[in-house]
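The values are calculated or read from the model by the stated rules, or taken from the named source; none is laboratory data. Since the model is a prediction, treat every value here as computed from it, not as a measurement. For neighbour counting, all protein chains shown are included, and Cβ atoms are generated from backbone atoms with ideal geometry for every residue, glycine included. To get the accessible areas, we keep the full protein, side chains included, count just its heavy atoms, and leave off ligands, DNA and RNA. Shrake-Rupley method; radii C 1.70, N 1.55, O 1.52, S 1.80 Å.
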Amino acid sequence: MPHDFKQIYASANRACSFLKVLANPDRLVLLCRLAEGECCVSELESALNIHQPTLSQQLGILREEGLVTTRREGKHIFYRVISLESIAILKALQTQFCKPRPPEPH
């Protein structure tokens, strides 16, 4: 079966772009929180201790990259994850990095 190297490189480029977005701690924490469910900006700010304008900047990048979407309800803007790839990668990262660590041997 011949390999379609153009397709492989296109997929690799998409994956690299995605990983670059996740490589920022603020964006990664935001995605982890939003993977738990929709949240408004003020809730994100207080829960994650990420302040304006950093919060707006990072949410804007996540939106531009197609990982989250928004809806407005009155004065509040709510964000939620729409990228299935993001959710799958976040689950894998949580399994590897967010589980409790065993106690250090003395």
Six or more apart or on different chains, Cβ under 7 Å: which pairs go from a residue in the stretch 23-34 that's within 16 Å of residue 96 (Cβ to Cβ) to one that's β-branched (Val, Ile, Thr)? Could you list them?
-> 31/81
Considering only the stretch 51-106, state which residues are among the hydrophobic types (A, V, I, L, M, F, W, C), over 14 Å from residue 34 (Cα atoms) and open to solvent by 50 Å² or more (accessible area, probe 1.4 Å).
-> 92, 93, 97, 98
Please work out if residue 45 is open to solvent by 50 Å² or more (accessible area, probe 1.4 Å) and touching a residue at least 24 places away in the same chain (Cβ under 8 Å).
-> no
Collect the residues in the stretch 67-83 that are under 12 Å from residue 31 (Cα atoms) and of a type outside the set (Lys, Arg), keeping them in residue-number order.
-> 67, 68, 69, 79, 81, 82, 83
Would you please name the residue that is nearest to the chain's Cα centre (by Cα), looking only at residues in the stretch 1-45 that are among the acidic types (Asp, Glu) and not in a loop (DSSP other than H, G, I, E, B)?
-> 26
Does the stretch 66-81 contain any residue that is assigned to a helix (DSSP H, G or I) and either at positive phi or touching a residue at least 12 places away in the same chain (Cβ under 8 Å) (or both)?
-> no
